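The structure appears below as structure tokens.
The values are calculated or read from the model by the stated rules, or taken from the named source; none is laboratory data. What you see is a predicted model; the values in this text were computed from it and never measured. In this analysis, Cβ positions are derived from the backbone assuming ideal geometry, glycine residues included, and neighbour counts consider all displayed protein chains. Areas reflect the complete protein model, heavy atoms only, side chains present, ligands, DNA and RNA absent. Shrake-Rupley method; radii C 1.70, N 1.55, O 1.52, S 1.80 Å.
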Amino acid sequence: SSSGSSARVSGDGGAMETAPLKLSDIRGDLIRQEETIIFALIERSQYKRNAGCYKRGESEVLRQRIGARDDGHGDARARLSFMEFFLVETESLHAKLGRYSSPDENAFFMPLLPQSVLSGPPKASPLKPNRININDEVLLVYVDLILDRLCGTEKSSGAADSAAHDDDGEYGSTCACDIAVLQALSKRIHYGKFVAEAKFQAERERFSKMIEANDAEGIMDALTNITVEDAVIERVRLKASRYGSDGDLSGEGASAYKVEPDVIAQLYRDYLIPLNKKVQVSYLLQRLGRPSHAIVEDSEGVSEKAAATLFTEKGMTCTSIEEVFLAISRNQVSFGLVPIQDSARGFFKTTQRALLTSGLKVCGSVTMDHKTGCVLGGEESENPWTRFYLVSVKQDTTSPSSSRLVAFFGVRHEPGSLVTALKALDGVNLACLESIPHQSNRYAFFCEIDGHLLDSAAIEAILGKLRQVAEFVELAGAY
């Protein structure tokens, strides 16, 4: 656990809850965390990509053995990849010992974890109570993007011989290193809450105005300091060159790096800093205690349970999907959680139409199992389930953490126009495609595009081709 760091931040008793937090109070923690990340990445680099560790549902033995557990989560555990199973078991032990009661620790699989066996008052914290946890994005970015760069498999052709070359069979050691990296990344990224609190305390009036206006873009601009970010990246590059060198300490002979320092520096620039700032913005938007989100009331309370996985406080309850969109548009809340698909009815046309006409953007998604009350991570369930979109005013649809892009397009009312549009999307995987009524007996098409392996240039190229043959193309967000 990181209770030592938390104690320094929190101070004695509850006094620190009201004492203003300063960046100087946490600067030492931030520097140590980046060193932990560098060392963890260097350790992971000694093993091959070992892609089999991250494939879900690959092990029948794992499913049979874990599914037989009587802890209420057997089915969920059995659907995990080998690395995720390793991570859940590690987090389970840490949870029993109270790790996740610390305000600077966030679990990847909190719904599957046991209660702490330790007793005592909760740790004092300078933070506003919150449930901000983007570890699902951290895990996605790590497995789909960071590992390829770290292991040099980014440009792999995917052929069988290439897959064999990128597998050394050291699965246990690989996953042990993965867990060290993931926990270090998670801590540094979510430490953005402390950074945001310190910045808020330093400029309370400035940030309060932007928070009251739900000005996420303005907050992001205020948090961004390119000079500081460049200095951090250069410091990371320098440390990576020192810690990862196999050179002769006498200065004679060539130096070889375990991981190229530029690779680690770019990982910081492309992933860690953007995700850290995303946490900062999310934290500040709920800092003043105003309702942060709206949900649609339902008889089973599924919407409320889904919202509880994302937010600490109770949100605004609405009677319809349209009312949620209206609350966001009127600046009454920052986010809306609306159903987009369920196991019984399929896609919600009302949500699709509201997205198309409102200009609001999808910025997240959560799928709830009605029977267990657990979040589904993309795996299939035999129980009833509902998938929700998290909707807001703006979302960066080219974020590297985005797994799916949400888009609408329209075609001419003539034979072959849809086929022509689909040909423009050649080379991408359409997760879904549905028509919805739009303007005087015309139809628009709603689609979700797998985008987790596409960079912003590739996304723009694909959409550019589609715009050449479609009547309109509207990018409605990403998650």
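Structure notes:
- Filter result for residue 108 (within 24 Å of residue 173 (Cβ to Cβ) and open to solvent by 40 Å² or more (accessible area, probe 1.4 Å)): no
- Meets criteria (open to solvent by 70 Å² or more (accessible area, probe 1.4 Å), part of a loop (DSSP other than H, G, I, E, B) and either among the β-branched types (Val, Ile, Thr) or at pLDDT below 90 (or both)) for residue 65: no
- Counted residues, segment 184-215 - those being among the aliphatic types (A, V, I, L, M), in a helix (DSSP H, G or I) and open to solvent by 40 Å² or more (accessible area, probe 1.4 Å): 1
- Residue check for residue 87: modelled with pLDDT of 90 or more, buried (at least 17 other Cβ atoms within 10 Å of the Cβ) and touching a Phe, Trp or Tyr at 6+ places or on another chain (Cβ under 8 Å): yes
- Any hit, segment 13-33, residues being charged (D, E, K, R), open to solvent by 30 Å² or more (accessible area, probe 1.4 Å) and at pLDDT below 80: yes
- Among the conditions (1) modelled with pLDDT of 90 or more; (2) part of a loop (DSSP other than H, G, I, E, B), the only one that residue 148 does not satisfy is (2).
- Within segment 350-364, tally of residues that are within 24 Å of the chain's Cα centre (by Cα) and at pLDDT 90 or above: 6
- Matching option when the condition is open to solvent by 20 Å² or more (accessible area, probe 1.4 Å) and either under 24 Å from residue 46 (Cα atoms) or modelled with pLDDT of 90 or more (or both), among 136, 178, 168: 168
- Among the residues of segment 129-147, those identified as under 24 Å from residue 314 (Cα atoms) and either without any contact (Cβ under 8 Å) to a residue 24 or more places away in the chain or in contact with a helix residue (DSSP H, G or I) (Cβ under 9 Å, 6 or more places away or on another chain) (or both) are 130, 131, 132, 133, 134, 135, 137.
- Residues within segment 234-256 that are under 30 Å from the mean Cα position of the chain (by Cα) and either outside any helix (DSSP H, G or I) or modelled with pLDDT under 55 (or both), tallied: 1
- Failed item in (1) open to solvent by less than 40 Å² (accessible area, probe 1.4 Å); (2) touching a His at 6+ places or on another chain (Cβ under 7 Å), with residue 300 passing the rest: (1)
Each row is one residue, and each column tells you yes or no for (1) within 27 Å of residue 442 (Cα to Cα); (2) within 25 Å of the chain's Cα centre (by Cα); (3) open to solvent by 40 Å² or more (accessible area, probe 1.4 Å).
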{"site": "322", "(1), (2), (3)": "yes, no, yes"}
{"site": "331", "(1), (2), (3)": "no, yes, yes"}
{"site": "342", "(1), (2), (3)": "yes, yes, no"}
{"site": "348", "(1), (2), (3)": "yes, yes, no"}
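- For segment 299-332, the tally of residues that are farther than 20 Å from residue 129 by Cα, at pLDDT 90 or above and among the charged types (D, E, K, R) stands at 2.
- Residue check for residue 260: closer than 30 Å to residue 183 by Cα, more than 22 Å from the chain's Cα centre (by Cα) and without any contact (Cβ under 8 Å) to a residue 24 or more places away in the chain: yes
- Among the conditions (1) touching a Gly at 6+ places or on another chain (Cβ under 7 Å); (2) aliphatic (A, V, I, L, M); (3) surrounded by fewer than 20 Cβ atoms within 10 Å (Cβ to Cβ), residue 376 misses just one, which is (1).
- Residue ID - nearest to residue 352 (Cα to Cα), chosen from residues in segment 456-474 that are assigned to a helix (DSSP H, G or I) and open to solvent by 90 Å² or more (accessible area, probe 1.4 Å): 467
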